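**Q** Quick one: the structure is below, questions incoming.
Each value in this text was obtained by applying a stated rule to the coordinates, not by laboratory testing. Nothing here was measured: the structure is a model prediction, and the numbers come from that model. Cβ sites come from the backbone with ideal geometry, for glycine too, and all protein chains shown count toward neighbours.
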Amino acid sequence: MIKVLHFSDIHLGSGFSHGKINPKTGLNTRLEDFIQSLTLCINRAINDEVDLVLFGGDAFPDATPPPYIHEAFASQFCRLVEANIPAILLVGNHDQHSQGNGGASLCIYRTLAVPGFKVGDNIKTHTISTKNGEIQVITLPWLTRSTLLTRPQTEGLSLEKISELLIEKLGAVLEGEIRQLNPNLPTILLGHLMVNRARFGAEQFLAVGKGFTIPISLLIRSEFDYVALGHVHKHQNLNPDNNPPIIYPGSIERVDFSEEKEDKGYVFLEIEKGRVDWKFCPLPARLFCTINVDVSEQEDPHKVIIKAIEKKPIKDAVVRLIYQIRSEQLELLNMGEIHQALSSAHSYSIKSELISQLSRLRLPELGVGKSLDPLEALKTYLENKEHLRDIVNDMLEAAQLLLNREEYDQELEVLQEELF
């Protein structure tokens, strides 16, 4: 069995706004979080003496990261060279120039001829020799329309027709690689793709207008023993039948609050021709925590906010506090105490959302098509206004007097018409 470690979407250099400067290192603490997660991936590869490391693309937020971030990435991957572990670095959409050509952030490893490293910036089959045998990997980097079709081929066509041509062209190119495979060797497809069956997060919008969605039917092939994907940050298996497994390992750290509830990690697998055993391995990514509380109807909004904070596991987490409040309640808040309550967080932000005094509570009982006695309607409304509950009876009594007076006036008017 050949042991493989598959991970993706490092995004080293992301999320600085959620961190702070570490005075001991001079680095942003969120950069240190991403480096730690990457270090744990490389540690597992070395400690378990894997035969091959597959990186599914998106090393950095863009194709030209600052030198110190590039150095942090290189220092970890070079540990694989020292351990004689080959690696394939696939080019993702963030690794390309804005024009979508080339893999500027990763091609340096090919230029420097780093031993054992292969850069996957085109559709190509790589045969890798390992201590436990040979394995073949088809690389499928992030593709754009210009990668597969020329401008004359797409001129005047609808987007739907262009997409059909793209899928047709990709299918033909991929078929060409498949027909050249050695049928006796285990085969992996390594792709940075947006697949139509995937559950997307924020990354779905990171390449709007540049890439295209690939039907999963192109990936479910008997020739593939395992399909290793990158691009989608949420770990998932797109083919639960596992024939073959089509796996997004997800990103290795939380980039922002859209990934708050997602597990982060990598995939460890053992593979031979016709058989693969894989397992998702979680990483201790830093927690993100949202505290959302509506205090607009509370008598003591400050106390409610403090209690909401105390209920959440905010220690060393990236926290955002969002509260809804009326303008006249603002003076009831002690912001110093709120900041103190959040002080155990790694970092935090506070956002208030002012509720208009004219906004009305939506009650199903009072909706269109509902017919309630006027007093019952008023009672329903008052009972849902906490700050009016202590005068409900008085207001209902006053309303009853008004209704009685209105009925008396109506009866008097009818009597006068009859008499005169």
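**Q** Kindly state, to the nearest 0.05, the FRET efficiency for Leu402 paired with Ser344, given R0 = 60 Å and r defined as their beta-carbon distance.
**A** Working from the Cβ atoms, E equals 0.65.
**Q** Given R₀ = 60 Å, what would the calculated FRET efficiency be for Arg275 paired with Glu328, taking r from the Cβ atoms and rounding to 0.05?
**A** Efficiency, from the Cβ-Cβ distance: 0.30.
**Q** Tyr68 versus Glu353, label points 7 Å from Cα toward the beta carbon: distance in nm?
**A** Inter-label distance under the simple model: 3.7 nm.
**Q** Also: Within straight cross-link reach of Lys169, meaning Cα distance under 21 Å, which lysines are found once same-chain residues fewer than 8 apart are removed?
**A** Here the lysines satisfying the reach criterion relative to Lys169 are Lys124, Lys161, Lys210.
**Q** Using a simple spin-label model with points 7 Å from Cα along the Cα→Cβ vector, what separation in nm is obtained for Lys307 and Gln36?
**A** 3.3
**Q** Another question about this same structure. Evaluate the distance, in nm, between pseudo-label points positioned 7 Å from the Cα of Asn182 and of Asp48 along their respective Cα→Cβ axes.
**A** 2.5
**Q** Using only Cα atoms, locate the centre of the stretch 246-278 and the centre of the stretch 10-34, then give the distance between them in Å, rounded to an integer.
**A** After rounding, the separation between the Cα centres reads 23 Å.
**Q** Return the lysines within reach of Lys303: Cα separation strictly under 25 angstrom, same-chain partners fewer than 8 residues apart disregarded; answer none if there are no such residues.
**A** Within reach: Lys311, Lys312, Lys315, Lys351, Lys385.
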